[in-house]
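Scroll down for the structure; my scribbles are underneath it.
Please treat every number below as a calculation from the coordinates, not as lab data. The structure presented is a predicted model; accordingly, all values stated were derived computationally and were not measured. In this analysis, Cβ positions are derived from the backbone assuming ideal geometry, glycine residues included, and neighbour counts consider all displayed protein chains.
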Amino acid sequence: MRINTEGLILKEQNIREKDKLVYVLTRNSGLLRAFVHGAKSFKNKKNNATAMFCYSKISFRESGDAYIIDEAEPIESFFKLGADIEKLSLAQYFCELCLTLVQEGEQNAEYLRLMLNSLNFLAKGGREPELIKAVTELRLMCVAGYMPNLIACDKCGEYETNTMYFDIEQGVIYCENCVSASVMLPLEIGLIRAMRHIAFSDFDKIYNFTMTKESLSDLSFITERYILSRLQRNFNTLDFYKEIKS
Ligand SMILES: [Zn+2]
């Protein structure tokens with residue numbers, strides 16, 4: 001079977017001297033694992049079009065439990081990321097996170113849309129990296145079925161109090177009157193509103209909000225904690241990003 005579609009390269013792995021294996025988030029066929037034969041040969045056009053962060057038009061051929069890429073032509077490469085190690089490491093983390101969350105065979109166009117938009121904002125500027133990080137983290141989690149219940153206090157249904165408490169493990173919030181356990185993070189209402197915006201807004205609007213640098217940093221800390229707690233794992237790429245940033 002042959003598949004012709006567009007896709008974003010989330011990961012590339014060298015195999016032997018000249019071949020490589022790539023993980024492609026495609027527009028129409030979900031996540032595909034595919035081999036690129038002779039990728040490393042001199043002047044192989046397929047090599048650039050199947051490099052990490054490249055969004056390309058790709059022709060796949062089925063082969064066993066994987067695919068072979070016969071042809072690939074770049075549409076957009078987020079190569080500008082390479083000039084900024086902080087942004088580059090953040091983009092690598094987005095790819096690792098996306099690879100962790102998308103199941104093979106799962107077809108949801110929002111994953112690709114989110115990744116392309118986030119990489120685009122990272123490469124071209126116009127949004128704070130920490131805003132892009134928080135949006136990508138929380139929205140990816142929502143798309144993957146880990147949407148926290150941010151609508152109202154989980155116990156009494158109160159919509160807002162000045163401080164709300166986020167139970168990261170359960171993914172629910174409590175108002176000032178219902179908070180009990182000390183494991184909950186106290187959050188100013190502005191942070192809850194920002195999280196609601198990311199989780200519930202139409203896709204076109206999710207990056208459109210502003211916050212002080214300090215609040216953005218808090219937001220990014222919370223969305224990150226939520227991921228690490230729900231997925232019960234660490235990300236080397238995230239550790240690297242934090243090392244660079246500090
Ligand atoms: Zn309450």
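Miscellaneous remarks
- The angle between the Cα long axis of helix 189-200 and the main principal axis of the chain comes to about 40°, on a 0 to 90 degree scale.
- Relative to the dominant Cα principal axis of the chain, helix 129-143 is inclined by about 90°.
- Within the range 28-96, the trypsin sites (Lys or Arg not before Pro) that combine a DSSP coil assignment with at most 12 other C-beta atoms in a 10 angstrom radius are LYS43.
- Ranked by how many other beta carbons lie within 10 Å on average, peptides 110-121, 227-238 from highest: 110-121, 227-238
- Helix-only CD estimate at 222 nm, as mean residue ellipticity for the chain, using -39500 (n - 2.57) per DSSP H run (n ≥ 4): -12000 deg cm²/dmol
- Ignoring lysines fewer than eight residues from LYS245 along the same chain, the ones with Cα atoms less than 16 angstrom from its Cα are LYS87, LYS133, LYS213.
- For the range 163-195 and the range 34-76, distance of Cα centres in Å: 46
- Tail beyond 22 Å, pair distance distribution of the chain (Cα, percent): 56
- Length released on extending from ARG113 to ASN208, taking residue separation times 0.36 nm less the Cα-Cα span: 32.6 nm
- Stretched out straight at 0.36 nm per residue, the stretch from CYS156 to ARG230 would grow longer than its current Cα-Cα span by 24.2 nm.
- Counting every C-alpha pair in the range 2-77, the share spaced more than 20 angstrom apart comes to 15%.
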